[in-house]
Amino acid sequence: MIENPFAEVAALLLAAAFLGALALRLRQPLILAFIAVGVLEGPAVLGWVTTADQIDLLAKIGIALLLFVVGLKLDFRLVRTLGPLVLVAGLGQMAFSALLGYGLSRGLGVEPLAALYTAVALAFSSTIIVVKLLSDKREIDALHGRTAVGVLIVQDLAVVLVIVGLTAFGGSESEDGIWITAAEILLESAAMLAFLAVAMRYVLPALLTRLAPSSELLVLFAVAWAVALAAAAEWIGFSKEVGAFLGGVSLASTSYREAIGARLVSLRDFLLLFFFIDLGAGLDLGLLMGQPGLAVALSLSVLVGKPLVFLVILGALGYRKRTGFLTGLSLSQISEFSLILAALGLRLGHIDRATVSVITLVALITIGVSTYVTLYAHPLYERVAPWLRIFERRAPHPEELGGGAVPDEPPDVILFGLGRYGGEIARGLEARGRNVLGIDFDPQTVSAWQGERLSVRYGDAHDSELLPHLPLARAQWVVSTAVERDVNVALLSALRAHRFEGRVALRAHDSHDVEALERAGADVVLAPFRDGAKEAVDVLTA
């Protein structure tokens, strides 16, 4: 046992760094490594480190910052842009997952209140993990990526409401007590929201403008604001999480939200490390492995049930089976908020450590498996696509209709990717009299290009089912400006399978990609890193 708090934290950080590197090597989220550190060094295994007050305090600040950043980045515009899609899909998925989880838990002998906590925990997906995986794959702006992020926003709002309800009514046992508590909550909520409204209107914008010249002071104020509101919320009867969330929302409308959020992410992740270590240290391995059948059944309900429910809901709304499958697959895990809810239920005395252990084991299983299936989502989809046709309507799909029409004249060039590089290529080709059909997986990019002369539609270069719907017969060139080598190679293979007789130009990210794409058979390899450097040298030496 380590009794020196400084040495205790040092041991935890060293173990977290080592196991984190191992998790990174195995392409697993760091959350799993941090929980493993708590289990390994806590009383359940080595007993080197006990859960000290200092670690618990850091864990609470980490949770407060997590909710603060969620509130800070709450993007209602994304929910409005996707309209009923994310609301119907998000609420429908949460209801289905909760009902299925409750039924399984009760069927396997879990008590009603513990089954309810377990069911609610299964309803949420991990914002941190989903956004990280989609960002690494550069799919955060694809339709399924935007849909997943929109659903996560709906879930974040729902989990805050659940936390408010639990902390507000958790201590009231009599009916009279509940009504008295409800009245107190309404008054206290009104007072707190009135205070925040006044601060947002008259105080915070001017204050942040004065602090903005010093980025360090801006971040310090943001952390102080988050922790102060968390403490104030706890003092008036809410939870720290609710106060921190409202603190983030109060700054979300300012022009400094991006700057504050970007600087707080690293601090948030560092402090959350202690929450997951604290959680792991409090686990009893006997309890953790005491109900493997229940944990496996609940994990399967998440890993299989969430993709299925998104296929059903998005298919009913007219979206393609590919969009529903990729969206559901990316969300097929439970959330860090699920663990926070379990810890809150334990603190309120609603559930015991056995229930917390089951929820934690489900988190470990679903996070680990969903990470791999999300990374290999496209090959997996190609294998199961023939069996998913029942989830797709025969009518035209919104992502195709919303993307603009195919040009009346057959295009000379079909261009995948209308970002900065692809957009300049499209404008240059149009200026030289070439008919171009642009294709992009970002709905906002597609909408922006609709105002220009370029014909454009929604699509993904990695989607093999898109090619039969394109006018390939008359096109002279197919050009891809995607930076991912595997996407370009897959597109080239699909074009060959469809017997495309024109020429293919693919973009390379680095010199290794140039050689790989040339070996794959690309007619032209575009290398902006090389060509741009040569042009710069020519200008500088002219």
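The values are calculated or read from the model by the stated rules, or taken from the named source; none is laboratory data. Nothing here was measured: the structure is a model prediction, and the numbers come from that model. Every residue, glycine among them, receives a Cβ derived from its backbone with ideal geometry; neighbour counts consider all protein chains shown.
Numbers at a glance
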{"read-out": "From the options Thr360, Thr371, residue that is at pLDDT 85 or above and touching a helix residue (DSSP H, G or I) at 6+ places or on another chain (Cβ under 9 Å)", "value": "Thr360"}
{"read-out": "Selection within the range 66-111 - modelled with pLDDT under 85, aliphatic (A, V, I, L, M), more than 30 Å from Ala354 (Cβ to Cβ) and part of a helix (DSSP H, G or I)", "value": "Val69, Leu72, Leu78, Val79, Leu82, Leu85, Val86, Leu87"}
{"read-out": "Residue match in the range 151-170 (condition: more than 20 Å from Tyr117 (Cα to Cα) and modelled with pLDDT of 75 or more)", "value": "yes"}
{"read-out": "Leading residue by the ranking (surrounded by the most Cβ atoms within 10 Å (Cβ to Cβ)) among those in the range 338-390 that are of a type in the set (Phe, Trp, Tyr) and assigned to a helix (DSSP H, G or I)", "value": "Tyr381"}
{"read-out": "Val446 vs. criteria in the same structural domain as Ala482 (by TED's automatic domain parsing), among the aliphatic types (A, V, I, L, M), modelled with pLDDT under 90 and in contact with a strand residue (DSSP E or B) (Cβ under 6 Å, 6 or more places away or on another chain)", "value": "yes"}
{"read-out": "Some residue of the range 194-213 being modelled with pLDDT of 75 or more and assigned to a loop (DSSP other than H, G, I, E, B)", "value": "yes"}
{"read-out": "Pair list, Cβ under 8 Å, 6 or more apart: the range 362-391 residue within 24 Å of Ala295 (Cβ to Cβ), other residue of a type in the set (Val, Ile, Thr) and not in a helix (DSSP H, G or I)", "value": "Val362/Ile334; Ala363/Ile334; Thr366/Ile334; Ile367/Ile334"}
{"read-out": "Of all residues making up the range 346-359, the number that are touching a Leu at 6+ places or on another chain (Cβ under 7 Å) and small (Gly, Ala, Ser)", "value": "2"}
{"read-out": "Condition check for Val524: touching a Leu at 6+ places or on another chain (Cβ under 7 Å) and closer than 18 Å to Asp412 by Cβ", "value": "no"}
{"read-out": "Residue list for the range 110-136, filter: surrounded by fewer than 19 Cβ atoms within 10 Å (Cβ to Cβ) and either among the β-branched types (Val, Ile, Thr) or touching a residue at least 40 places away in the same chain (Cβ under 8 Å) (or both)", "value": "Leu113, Val131, Lys132"}
{"read-out": "Scope the range 112-136; condition of a type in the set (Gly, Ala, Ser) and in a helix (DSSP H, G or I); matching residues", "value": "Ala114, Ala115, Ala119, Ala121, Ser135"}
{"read-out": "Test: Ser255 is farther than 21 Å from Ala343 by Cα and at pLDDT 80 or above", "value": "no"}
{"read-out": "Subset of the range 467-491 [among the hydrophobic types (A, V, I, L, M, F, W, C) and either modelled with pLDDT of 90 or more or over 18 Å from His378 (Cβ atoms) (or both)]", "value": "Leu470, Leu472, Ala473, Ala475, Trp477, Val478, Val479"}
{"read-out": "Val525 touching a residue at least 24 places away in the same chain (Cβ under 8 Å), closer than 20 Å to Tyr421 by Cα, in the same structural domain as Glu424 (by TED's automatic domain parsing) and of a type in the set (Val, Ile, Thr)", "value": "no"}
{"read-out": "Conditions (1) of a type outside the set (Val, Ile, Thr); (2) out of contact with any Gly (no Cβ under 8 Å at 6 or more places or on another chain); (3) within 15 Å of Ala295 (Cα to Cα); number of the one not met by Tyr117", "value": "(2)"}
